[in-house]
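The values are calculated or read from the model by the stated rules, or taken from the named source; none is laboratory data. Bear in mind that the values here come from a model prediction, so they are computed numbers and not experimental data. When we count neighbours, we look across all protein chains shown, and the Cβ atoms used for this are built from the backbone with ideal geometry, even at glycine.
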Amino acid sequence: MRHIISALVENKPGALARIVGLFSARGFNIESLAVGETENSEVSRLTIIVGGDEAILEQVRKQLGKVIDVLKVQDISDDSFVERDLMLLKVSAKAGKRPEIIEIANVFRAKVVDLGEKTIMFELTGPEEKINAFINLMRPYGIKELARTGRIAVLRS
C-alpha cells in the first residue's frame, strides 16, 4: 500500500538531508518526495509517498517525529485531499505527426512550452494517473526527455 505523508518542517539548512537520511538508514523507500516553502517562509511542506504496510507507516511517523526540525507529521492517505504532479515531457515530433501529437496533448490539457525542429516539449499538471496516461500515449512517438516534480498534496477543507 502507498501512503501519502505531509510533514511541516523548519526551513533550515540540513533539514531535508536529515529526513532523507532517516529513510535510507531504516531501509524505507521514498517513491516520491516534493518539498517547498509554505505560506510561512520559515516552514516548508514535504509530501512524501512511501510504500508499505501499517507497521512501516507507523515507523516512518515515529522516526519523522524524532527529527528536531519536524513540526508536524500527518498521514493523509485516507483523507480527502487535492494532489498534483508536474511534468515536462519532450517527444519526437516529425512534421507529419505534429497535429496528431498536439491533438492528444489537447485532450490532456497539456501546454506546449517549447517547439523544436524535431521535438515538442509539453508541460502537464494533474493527478499521477493523468500524467502516467499521457506518458503512455506519447511513448510510441519517442520520448526524448521526461522530468517530474513528484506529487504534492493538501487536505481539502
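Cβ-Cβ distance below 7 Å, separation of 6 or more or different chains: which pairs start in the range 1-18 with a residue that is more than 11 Å from residue 67 (Cα to Cα) and end on one that is of a type in the set (Ser, Thr, Tyr) and part of a strand (DSSP E or B)?
Once the first residue is more than 11 Å from residue 67 (Cα to Cα) and sits in the range 1-18, its partners that are of a type in the set (Ser, Thr, Tyr) and part of a strand (DSSP E or B) give 4/47; 6/47; 11/44.
Identify, please: which residue in the range 1-37 is part of a strand (DSSP E or B) and among the hydroxyl-bearing types (Ser, Thr, Tyr) and is, among those, farthest from the chain's Cα centre (by Cα)? Working first, answer last.
If we filter the range 1-37 for residues that are part of a strand (DSSP E or B), which is where we start, we get 2-10, 30-37.
When the remaining residues are screened for being among the hydroxyl-bearing types (Ser, Thr, Tyr), the result is 6, 32.
Numbers: 6: 12, 32: 6 Å.
Filtering first and then ranking leaves 6.
Right, residue 129: under 20 Å from residue 31 (Cβ atoms) and at pLDDT below 95 or not? Outline the logic, then answer.
Values: under 20 Å from residue 31 (Cβ atoms): yes; at pLDDT below 95: yes.
Spelling it out, residue 129 is indeed under 20 Å from residue 31 (Cβ atoms) and at pLDDT below 95.
Are any residues in the range 40-58 more than 20 Å from the chain's Cα centre (by Cα) and buried (at least 17 other Cβ atoms within 10 Å of the Cβ), and if so, which ones? Before you say what the answer is, go through the steps one by one.
Here is the first cut: in the range 40-58, the residues more than 20 Å from the chain's Cα centre (by Cα) are 40-42, 53-56, 58.
Listed by number, the list holds a single entry, 56.
Quick one: which helices (runs of 4 or more DSSP H) lie wholly within the range 44-157 and hold at least 2 residues that are outside the structural domain of residue 8 (by TED's automatic domain parsing) and in contact with a Ser or Thr (Cβ under 9 Å, 6 or more places away or on another chain)?
On the way: elements: 54-66, 98-107, 128-138.
Passing ranges, in order: 128-138.
Any residue that is in contact with a strand residue (DSSP E or B) (Cβ under 7 Å, 6 or more places away or on another chain), of a type in the set (Lys, Arg) and loosely packed, with under 15 Cβ neighbours inside 10 Å - is there at least one of those in the range 59-66?
Residues of the range 59-66 that are in contact with a strand residue (DSSP E or B) (Cβ under 7 Å, 6 or more places away or on another chain), as a first pass: 60-61, 64-65.
Of the ones still in play, those that are also of a type in the set (Lys, Arg) are 61.
Subsequent filtering for residues that are loosely packed, with under 15 Cβ neighbours inside 10 Å retains none.
Checked the range 59-66: no residue is in contact with a strand residue (DSSP E or B) (Cβ under 7 Å, 6 or more places away or on another chain), of a type in the set (Lys, Arg) and loosely packed, with under 15 Cβ neighbours inside 10 Å.
If residue 109 satisfies all but one of (1) of a type outside the set (Val, Ile, Thr); (2) crowded, with 17+ Cβ neighbours inside 10 Å; (3) at positive phi, what's the number of the condition it fails?
That leaves (2) as the condition not met.
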